[in-house]
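S.K.: The structure is given below, and queries will be raised subsequently.
The values are calculated or read from the model by the stated rules, or taken from the named source; none is laboratory data. Quantities reported herein were computed from a predicted structural model and do not represent experimental measurements. Note that we place each Cβ from the backbone using ideal geometry, even for glycine, and neighbour counts take in every protein chain shown.
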Amino acid sequence: MRRLATILILSAFALGLPWLAAARNGDIDKVNGAVRVEAGQQAGDVSTVNGAVHVGNGASVHKASTVNGSVELGEKAQASEVGTVNGAISLGGDSHVSGEVSAVNGSIRLAHGADIGGKLDNVNGAIVLDDAHVAGGISTVNGDITVGANSRVEGGILVEKSSSWFNWSSRKPTIVIGPHAVVQGTLDFRRKVVLNVSDSAQIGPVKGAAVVKFSGANP
């Protein structure tokens with residue numbers, strides 16, 4: 001999340017500039033418009049302000065990031081890092097991100113077979129895994145988390161207490177650990193949450209919440 005402050009500063013500067021696009025050593029930078037890497041293509045750092053980033057099926061990039069826009073990786077797409085401020089992130093089936101995936105004010109969704117080698121985090125917005133894998137743990141402040149059926153998370157889950165008055169919310173985030181899902185590491189809740197865990201799931205130690213067991217596909 002440390003990079004996000006830098007992104008916000010850069011975006012404030014960029015908003016005063018005319019439309020700009022550049023490609024150098026495979027990098028693509030743009031202001032006020034979407035960036036698209038077509039299926040099967042390769043690129044370096046891909047970024048925009050006020051626009052979406054689309055990485056097509058089977059394409060690969062180094063970093064994909066935006067401010068005020070979404071980031072979408074297609075099926076079997078690859079990146080080393082993905083981030084956005086004020087936008088959603090979606091990772092297609094069997095896609096792979098070797099490092100961190102991070103959002104502020106946006107949901108994060110991982111399709112079947114998606115894999116993250118680093119940490120997955122946001123501040124606001126739902127986090128949903130559909131038979132997906134996260135190696136570096138999951139953290140949020142106000143978001144609901146669904147570790148769907150057959151998903152696997154190493155590094156535990158952290159729900160942080162907001163340190164900013166404008167992020168304060170009395171709503172309890174809902175955490176669901178689905179059938180046959182595995183969460184290794186501590187589930188650490190530093191604010192009140194609702195924690196629903198399938199009776200066929202495997203989880204590590206729980207701090208700060210009571211486990212509510214359920215059977216079947218959903219709580």
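S.K.: Among (1) surrounded by fewer than 19 Cβ atoms within 10 Å (Cβ to Cβ); (2) among the hydrophobic types (A, V, I, L, M, F, W, C); (3) under 15 Å from His54 (Cα atoms), there is one condition Ala126 misses while meeting the rest; what is its number?
M.R.: It fails just one condition, (3).
S.K.: Could you give me the residue pairs with C-beta distances under 6 Å whose first residue belongs to the range 130-155 and is farther than 18 Å from Ser107 by Cα, whose second residue is among the hydrophobic types (A, V, I, L, M, F, W, C) and in a loop (DSSP other than H, G, I, E, B) wherever it lies, and which are 6+ apart or on separate chains?
M.R.: Glu154/Ala135
S.K.: A follow-up question, please. Taking the range 46-65 as the region of interest, how many residues are under 17 Å from Gly92 (Cβ atoms) and assigned to a strand (DSSP E or B)?
M.R.: The number of residues fulfilling the criteria is 6.
S.K.: Restricting the first residue to the range 92-105 and requiring it to be charged (D, E, K, R), which pairs with a second residue that is part of a strand (DSSP E or B) and at pLDDT 95 or above meet a Cβ separation below 7 Å and a spacing of at least six or different chains?
M.R.: So the pair list comes out as Glu100/Glu81.
S.K.: Here's a follow-up. Any idea which of Asn68, Asn86, Asn57 is surrounded by fewer than 19 Cβ atoms within 10 Å (Cβ to Cβ) and either touching a Lys or Arg at 6+ places or on another chain (Cβ under 8 Å) or of a type in the set (Gly, Ala, Ser) (or both)?
M.R.: Unique residue meeting the criteria: Asn57.
S.K.: Could you count how many residues in the range 76-91 are assigned to a loop (DSSP other than H, G, I, E, B), more than 17 Å from Lys30 (Cβ to Cβ) and in contact (Cβ under 8 Å) with a residue 24 or more places away in the chain?
M.R.: Within the range 76-91, residues that are assigned to a loop (DSSP other than H, G, I, E, B), more than 17 Å from Lys30 (Cβ to Cβ) and in contact (Cβ under 8 Å) with a residue 24 or more places away in the chain number 1.
S.K.: Across the range 138-171, what is the total count of residues that are surrounded by fewer than 16 Cβ atoms within 10 Å (Cβ to Cβ) and at pLDDT 95 or above?
M.R.: 1
S.K.: Here are Asp188, Asp94: which of them is acidic (Asp, Glu), surrounded by fewer than 22 Cβ atoms within 10 Å (Cβ to Cβ) and not in a strand (DSSP E or B)?
M.R.: Asp94
S.K.: For the structure I just gave you, tell me whether Val49 is surrounded by 23 or more Cβ atoms within 10 Å (Cβ to Cβ), modelled with pLDDT of 95 or more and closer than 25 Å to Val123 by Cα.
M.R.: Judged against the criteria, Val49 is a match.
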